[in-house]
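Working notes, beginning with the structure itself.
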Amino acid sequence: MKRYLPFVIVAGIALATLGSGALLYHAKRPQLRAIPESTTAPGKSDTESMHVRGNPDAPVTMEEFADFQCPPCGNFAGFAEELLKEYDSRLRIVFRNFPLPVHEHAHEAAMAAEAAGLQGRFWEMHDVLYREQAAWSKAPNARELFESYAGTIGLNLDQFKTDVDSEQVRAKVDSDHALGDFLGVKLTPTLFINHQPVEPKDKNPAGVRAAINAALAEKPKSDADLSAPVNQANQNQTNASK
Amino acid sequence: MTVSRFRTILFTVTALVSLVGLADATYLTVQAFTGETLSCGGSPDCFRVLGSSYARVGGVPVALFGAVAYFSVFAFATFAAFEYARARTFLILTIGAMFLATLWFLYVQHFVLHAYCRYCLFSAAITFLLAGLVIALPSSQEQ
């Protein structure tokens with residue numbers, strides 16, 4: 001018996017490791033909900049305050065919950081530019097603020113971007129915030145840098161300074177964050193393509209392209225099919241508010 | 001206490017310590033496979049390390065290699081405790097390789113990434129402890 005005992009022990013530990021790894025993998029996978037269609041459909045109220053890049057009537061919508069101080073979000077922003085060129089009129093990108101508490105200046109950066117948005121320059125500020133991420137992330141007073149960026153992209157500086165602390169801007173950032181919380185967003189960037197969450201392991205160029213291509217292929221049967229998960233999400237939202 | 005008994009105790013302790021490293025490496029492997037390390041949301045320094053290009057070799061998370069290494073240490077230490085002749089040699093070679101890999105990862109964290117992941121530091125501490133345990137092993141000639 002003693003001869004076989006080490007084999008039994010080693011095999012037992014191997015099985016226990018594989019089993020606990022599988023359980024942990026299942027537990028750590030984010031449980032994301034589909035985005036309710038009403039939050040992105042053209043013509044709906046929220047559309048006016050959404051930040052959309054690309055063809056507004058594109059068949060595929062990629063929504064990104066992002067944090068301006070998150071380096072992977074910065075990397076993803078460059079890739080998103082490539083996607084817009086690649087898919088041209090077939091893709092639009094919607095940006096949602098999801099500043100994480102672990103990033104010191106992330107909320108302030110989101111406010112700066114939204115304040116720029118009030119003057120019609122959201123995407124210009126979005127681009128400069130990501131381009132200069134390394135500089136302002138470590139700055140003791142990021143606000144000064146945000147104001148200099150506002151000047152660079154041609155904003156009315158006095159207006160920007162007023163807007164950046166306004167309730168309207170705070171409410172927009174908070175509303176995006178609340179939507180993210182409702183959908184189960186925990187990490188950034190988190191992507192949704194045509195309302196459906198993209199698995200974190202697919203957040204790479206090949207995975208995102210595959211998801212967009214799949215959405216393009218599915219689009220002809222779009223509205224009826226998309227409404228199913230949306231209705232479920234709306235139902236969940238209703239239940240949650242009860 | 002006889003040398004043989006002391007050796008068995010050291011092999012047993014080595015096996016138990018390697019299990020702690022195995023748990024740490026398994027956790028990091030799972031994080032890598034869920035794609036969590038390619039995002040922000042946890043400790044920024046940790047994610048800077050685990051999301052860097054140094055955290056993968058040929059697309060495979062280095063944490064997976066770590067898990068395999070810790071499991072090998074556990075297996076070799078267990079067999080050595082049961083007095084399987086070659087297990088001790090494999091154990092020393094595996095821990096030696098892990099020690100060198102740990103020095104490399106500490107160098108990368110300190111000089112290249114300027115960030116430390118606490119799970120990686122914990123793994124480094126476990127490897128150093130394992131190295132200390134095999135150094136303390138009496139030679140195979142001693143009885």
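Some points to look at:
- Helix B:62-81 vs. chain B, principal-axis angle (Cα, 0 to 90°, nearest 10): 10 degrees
- Candidates per trypsin sites (Lys or Arg not before Pro) in region B:41-143, loop by DSSP, up to 16 other Cβ within 10 Å: B:86
- Contact order for region B:3-136, expressed relative to its length and based on alpha carbon pairs under 8 Å spaced 6+ residues apart, stands at 36 percent.
- The DSSP beta bridges internal to the protein assembly as shown are antiparallel in roughly 65% of cases.
- Tail fraction, Cα-Cα pairs, region A:84-157, threshold 15 Å, whole percent: 55 percent
- Number of partner chain Cβ atoms within 10 Å, mean per residue of B:31-37: 6
- Region A:1-134 shape via C-alpha gyration tensor axes, a/c threshold 1.5: prolate
- Within the assembled protein chains, the solvent-accessible surface assigned to residue A:82 is about 100 Å², based on a 1.4 Å probe.
- Dimensionless Rg ratio for region B:3-136, taking C-alpha atoms and the 2.2 N^0.38 Å reference: 1.10
- Peptides A:90-99, A:20-29 ranked from most to least packed by the mean count of surrounding Cβ atoms within 10 Å: A:90-99, A:20-29.
- Here the Karplus curve 6.51 cos²θ - 1.76 cosθ + 1.60, taken at θ = phi - 60°, turns the phi angles of region B:56-61 into couplings of 9, 10, x, x, 9, x Hz, with x standing for Gly and Pro.
- Shielding by partners, peptide B:71-81 (average Cβ within 10 angstrom, other chains): 3
- Region B:3-136, dipole about Cα centre (Lys/Arg Cβ +1, Asp/Glu Cβ -1), debye to the nearest 20: 300 debye
- Using alpha-carbon coordinates, inclination of helix B:87-107 to the longest axis of chain B, degrees: 30 degrees
- Note on the protein assembly as shown: helix-only mean residue ellipticity at 222 nm, from DSSP H runs of 4+ residues weighted -39500 (n - 2.57) and normalised by residue number, equals -20000 deg cm²/dmol.
- Cβ neighbours within 10 Å from other chains - mean over A:11-23: 3
- Against the empirical curve 2.2 N^0.38 Å, the C-alpha radius of gyration of the protein assembly as shown lands at a ratio of 1.23.
- Compactness of region B:21-71 - radius of gyration and Dmax, Cα, Å: 10.3, 30
The values are calculated or read from the model by the stated rules, or taken from the named source; none is laboratory data. Predicted model only: the values in this text are computed from it and were never measured. Ideal geometry is used to build each Cβ from the backbone, glycine not excepted, and the neighbour counts take in all protein chains shown. Surface accessibility is based on the protein's heavy atoms, side chains included, excluding ligands, DNA and RNA. Shrake-Rupley method; radii C 1.70, N 1.55, O 1.52, S 1.80 Å.
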